[in-house]
Amino acid sequence: VGQILIFSVIAFIPLFMVDHFSVGEEVAAALLALVYSAGLWAGPLGGYLSDRVGRVPVMLTVSLIAGPIIYLLNLVPYGWGISAVLLAIGMSMYVRMPVSEAYIISQVSERKRSTILGIYYVGRQGAGAITPVMGYLIDRFGFYTTFTIVGIMMVAVTLGCSIFLWGSRD
């Protein structure tokens with residue numbers, strides 16, 4: 001759910017930048033590089049942290065932080081503030097990926113791993129189904145309300161999942 005929500009927010013970042021900060025379309029599109037550049041270092045960092053403190057604590061921490069990060073899109077100024085938030089969004093997306101995959105591999109029998117990972121990868125692309133809903137919410141209520149809703153959903157889903165995962169370092 002976290003990946004789906006984050007990817008659907010990313011789809012609207014250039015439009016948000018143009019509407020909210022009045023930047024040019026080219027600049028708004030180029031700022032997406034900040035999100036995706038986090039993959040160069042956040043994935044290995046996620047794997048390292050997972051090996052040190054456990055998969056579940058890393059997944060829950062990153063997921064819990066992602067909600068407020070998305071909400072911060074509403075509050076930070078253009079420049080260093082928005083740059084830091086975009087990097088943090090990318091980081092929350094890419095730290096989670098190797099950790100989630102390692103968790104799945106450790107929880108599923110060897111015979112079913114490929115099937116479950118295939119389902120996981122399809123689920124990661126679920127943003128394609130949610131993005132039109134997000135677009136509708138943005139058109140109807142605006143960026144501020146929509147990003148707030150997404151941030152709250154991220155925290156709520158994470159807290160709900162933490163009930164089942166609490167105490168596991170797996």
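Selection of first residues in region 138-167 that are open to solvent by 40 Å² or more (accessible area, probe 1.4 Å) and of second residues that are not in a helix (DSSP H, G or I), restricted to Cβ pairs under 7 Å at least 6 apart or on distinct chains, gives the following pairs, ordered by first then second residue: Tyr144/Asn74; Val157/Val1.
Residues that are in a helix (DSSP H, G or I), surrounded by 14 or more Cβ atoms within 10 Å (Cβ to Cβ) and more than 13 Å from the chain's Cα centre (by Cα) occur in region 66-74; there is at least one.
Is region 37-56 home to any residue that is open to solvent by 20 Å² or more (accessible area, probe 1.4 Å), touching a residue at least 40 places away in the same chain (Cβ under 8 Å), under 22 Å from Pro132 (Cα atoms) and in a helix (DSSP H, G or I)? Checked against the condition, which is being open to solvent by 20 Å² or more (accessible area, probe 1.4 Å), touching a residue at least 40 places away in the same chain (Cβ under 8 Å), under 22 Å from Pro132 (Cα atoms) and in a helix (DSSP H, G or I), region 37-56 yields no hits at all.
The conditions of being within 21 Å of Ile130 (Cβ to Cβ), assigned to a helix (DSSP H, G or I) and either charged (D, E, K, R) or in contact with a Leu (Cβ under 6 Å, 6 or more places away or on another chain) (or both) are met by Val85. For region 108-149, the candidate set comprises residues that are part of a helix (DSSP H, G or I) and among the small types (Gly, Ala, Ser); within that set, the residue that is farthest from the chain's Cα centre (by Cα) is Ser114. Of the residues making up region 88-100, one or more are under 13 Å from Met154 (Cβ atoms), surrounded by 18 or more Cβ atoms within 10 Å (Cβ to Cβ) and touching a Ser or Thr at 6+ places or on another chain (Cβ under 9 Å). Met17 satisfies every condition listed in (1) farther than 25 Å from Leu159 by Cβ; (2) loosely packed, with under 14 Cβ neighbours inside 10 Å except (2).
Report the residue count in region 22-36 for those that are open to solvent by less than 40 Å² (accessible area, probe 1.4 Å), farther than 16 Å from Ile70 by Cβ and touching a residue at least 24 places away in the same chain (Cβ under 8 Å).
Summing the residues that are open to solvent by less than 40 Å² (accessible area, probe 1.4 Å), farther than 16 Å from Ile70 by Cβ and touching a residue at least 24 places away in the same chain (Cβ under 8 Å) in region 22-36 gives 1.
Tally time: how many residues in region 103-137 are open to solvent by less than 30 Å² (accessible area, probe 1.4 Å), within 24 Å of Ser37 (Cβ to Cβ) and either at pLDDT below 90 or of a type outside the set (A, V, I, L, M) (or both)? Counting residues in region 103-137 that are open to solvent by less than 30 Å² (accessible area, probe 1.4 Å), within 24 Å of Ser37 (Cβ to Cβ) and either at pLDDT below 90 or of a type outside the set (A, V, I, L, M) (or both) gives 2.
The values are calculated or read from the model by the stated rules, or taken from the named source; none is laboratory data. As the structure is a computational prediction, the values presented were derived from the model and not from experiment. Neighbour counts are summed over all protein chains in view; Cβ atoms, including those assigned to glycine, are modelled from backbone coordinates with ideal geometry. Just so you know, the surface numbers come from the protein's heavy atoms only, side chains and all, with ligands and any DNA or RNA stripped out. Shrake-Rupley method; radii C 1.70, N 1.55, O 1.52, S 1.80 Å.
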